[in-house]
Amino acid sequence: MARCAGADSYPARLQKSAHRARIALRKSGVDYFRGDGSDWIALAGLLLTVPAITCGTLLNAVWCAPAALVLPIVAGGLLLRPASLLGLYATAAAALIVESIALGPYSEGPARVTPGTVLVVAACGFFGLILAQFRARVGVPWRRGGTMLFDLRERIRVQSALPRLPEGWHREMALRPAGGQSFSGDFVVAARTNGGRTLEAVLTDVSGKGMDAGSRALLLSGAFGGLLGSLPPHGFLPAANAYLLRQDWDEGFATSIHLVLDLDSGDYELLSAGHPPALQLHAGSGQWEEKAAEGPLLGVYDGAQFDAVKGSLAPGDVLMLFTDGLVEASDRDIAEGIDRLTGEADRYVATGFDGAAWHLIEACAKDVNDDRALLLLCRRP
């Protein structure tokens, strides 16, 4: 009984209430950051800021000018929903009226509410309202927009990760979006199938570049990753082509190259959908050979056929898959770009091509305004 009485004492109840209040406040803050909670906290804070700025203006208009009211208005455009923003604007307009009455006509000195001040505050409010309406229509608040974009970029990066290969094989992939952006229309999906004996890798170049193609690349990388390994190798590109046709995009085509490699024997097949040819270095002769498979672009017409080209990687051989941004530019055709790529790649024969993918993009297409991707596979001697 004494324990129950102690547990129900006033200090204990007060402590429990304070704990519940902290949890509720923390949850409210997390929800607000994620965009799921109410914006009343931000509205209350900004509404208190307006009279504080007004008081500072009335006390010393030289250091706290009437135009300082744009600060809560700009913050409100980023933080508040349109309905709450209108309440903030009404408060700021009332503050301007109070300041203009208290400070007197603007012709009597510089620290007054001038027509220019009113125009600046009104213009900031107008653009803030446009931003708030856009966020409300999209449904993604600014507090979470950057996090969402970062998450999308990381998902593309994770989906493009290459699986580990058995001893005797080396693989690496480098990807550089156009214009130094974080999103690219080039992506890779890869998986080990057939009990881990076979490596299947698909390098795809979505029409467009950078941010314009990033959303479509994310959608296609997820779809292609689901198809890869779920279908026989020769059924992948027809299924991918049918998927693109169902999307009915205005700019919905893509190029793709599908590698099916037997990790035990080194034998492989390449199937292409309008993609640049692969390049194989034969260690015995030191010569590069183009491996060009036939097939139309993905998403152009139904019933497309994709013919495979076969090859084999002997110990010391190298296979490179790449997108057209690496070898094609306005001032050169693809043949010249391939010659330059193979010439730069010859420098890494002695070192085993460790870290070569990124450096080859740097050497061959550093300043090209296009997405660039390079997938490199080596069979160790």
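The values are calculated or read from the model by the stated rules, or taken from the named source; none is laboratory data. Note that the coordinates shown come from a computational prediction; the quantities given were computed from them, not determined experimentally. Note that each Cβ is placed from the backbone with ideal geometry, even for glycine, and that neighbours are counted across all protein chains shown. Remember, those area values only see protein heavy atoms, side chains included, never the ligands or the DNA or RNA. Shrake-Rupley method; radii C 1.70, N 1.55, O 1.52, S 1.80 Å.
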Pull up segment 260-276, narrow it to residues that are surrounded by 22 or more Cβ atoms within 10 Å (Cβ to Cβ) and either under 14 Å from C378 (Cα atoms) or at pLDDT below 90 (or both), then point me to the one that is nearest to the chain's Cα centre (by Cα). L261
Tell me, yes or no, whether segment 333-340 has at least one residue that is in contact (Cβ under 8 Å) with a residue 40 or more places away in the chain, touching an Asp or Glu at 6+ places or on another chain (Cβ under 9 Å), open to solvent by less than 60 Å² (accessible area, probe 1.4 Å) and part of a loop (DSSP other than H, G, I, E, B). no
Of the conditions (1) open to solvent by less than 50 Å² (accessible area, probe 1.4 Å); (2) at pLDDT 70 or above; (3) closer than 27 Å to G76 by Cα, the single one that P177 does not satisfy is (3)
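Can you work out which of the residues in segment 193-203 that are under 14 Å from S230 (Cβ atoms) and without any contact (Cβ under 8 Å) to a residue 40 or more places away in the chain is surrounded by the fewest Cβ atoms within 10 Å (Cβ to Cβ)?
Residues of segment 193-203 that are under 14 Å from S230 (Cβ atoms), as a first pass: 193-194, 198, 200, 202.
Now restrict to residues that are without any contact (Cβ under 8 Å) to a residue 40 or more places away in the chain: 193-194.
Working: T193: 16, N194: 13.
So, considering only residues that are under 14 Å from S230 (Cβ atoms) and without any contact (Cβ under 8 Å) to a residue 40 or more places away in the chain, the one surrounded by the fewest Cβ atoms within 10 Å (Cβ to Cβ) is N194.
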For segment 328-355, enumerate the residues that are at pLDDT 90 or above and either within 19 Å of L175 (Cβ to Cβ) or among the aliphatic types (A, V, I, L, M) (or both). I338, L341, E344, A345
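Just a yes or no: is a residue in segment 348-356 aliphatic (A, V, I, L, M), surrounded by fewer than 20 Cβ atoms within 10 Å (Cβ to Cβ) and in contact with a Leu (Cβ under 9 Å, 6 or more places away or on another chain)? Break it down stepwise before answering.
Residues of segment 348-356 aliphatic (A, V, I, L, M): 349-350, 356.
Retained after the next criterion (residues that are surrounded by fewer than 20 Cβ atoms within 10 Å (Cβ to Cβ)): 349-350.
Within this subset, residues satisfying the condition of being in contact with a Leu (Cβ under 9 Å, 6 or more places away or on another chain) are 349.
Scanning segment 348-356, I find at least one residue that is aliphatic (A, V, I, L, M), surrounded by fewer than 20 Cβ atoms within 10 Å (Cβ to Cβ) and in contact with a Leu (Cβ under 9 Å, 6 or more places away or on another chain), so the answer is yes.
Please pick out the residue among L119, L96 that is modelled with pLDDT of 70 or more and either touching a helix residue (DSSP H, G or I) at 6+ places or on another chain (Cβ under 8 Å) or outside any helix (DSSP H, G or I) (or both).
Details: L119 fails: either touching a helix residue (DSSP H, G or I) at 6+ places or on another chain (Cβ under 8 Å) or outside any helix (DSSP H, G or I) (or both).
Being modelled with pLDDT of 70 or more and either touching a helix residue (DSSP H, G or I) at 6+ places or on another chain (Cβ under 8 Å) or outside any helix (DSSP H, G or I) (or both) holds for just one of L119, L96, which is L96.
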Positions within segment 36-73 being surrounded by fewer than 16 Cβ atoms within 10 Å (Cβ to Cβ) and among the hydroxyl-bearing types (S, T, Y), in sequence order: S38
Quick one: S285 ticks every box in (1) part of a loop (DSSP other than H, G, I, E, B); (2) touching a strand residue (DSSP E or B) at 6+ places or on another chain (Cβ under 6 Å) bar one, so which box is it? (2)
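Scan segment 290-330 residue by residue and report those that are acidic (D, E) and part of a loop (DSSP other than H, G, I, E, B). Full working, then the answer.
Let us first name the residues in segment 290-330 that are acidic (D, E), namely 290, 294, 302, 307, 317, 324, 328.
Hits for segment 290-330 are D302, D317, E328.
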Would you check which residues across segment 232-253 are open to solvent by 60 Å² or more (accessible area, probe 1.4 Å) and either part of a loop (DSSP other than H, G, I, E, B) or of a type in the set (K, R) (or both) and list them? P232, R246, D248, W249, D250, E251, F253
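What do you reckon, is S256 part of a loop (DSSP other than H, G, I, E, B) and among the hydroxyl-bearing types (S, T, Y)? If you could, list the steps in order and put the result at the bottom.
Working: part of a loop (DSSP other than H, G, I, E, B): no; among the hydroxyl-bearing types (S, T, Y): yes.
Considered against the rule, which asks whether it is part of a loop (DSSP other than H, G, I, E, B) and among the hydroxyl-bearing types (S, T, Y), S256 comes out as no.
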Here's a check for you: in segment 184-198, which residue that is in a loop (DSSP other than H, G, I, E, B) and either under 24 Å from A254 (Cα atoms) or among the aromatic types (F, W, Y) (or both) is modelled with the lowest pLDDT? S184
Per the filter on segment 74-85, residues touching a residue at least 24 places away in the same chain (Cβ under 8 Å) and either open to solvent by less than 20 Å² (accessible area, probe 1.4 Å) or assigned to a helix (DSSP H, G or I) (or both) are V74, A75, G76, G77, L78, L79, L80, P82, S84, L85
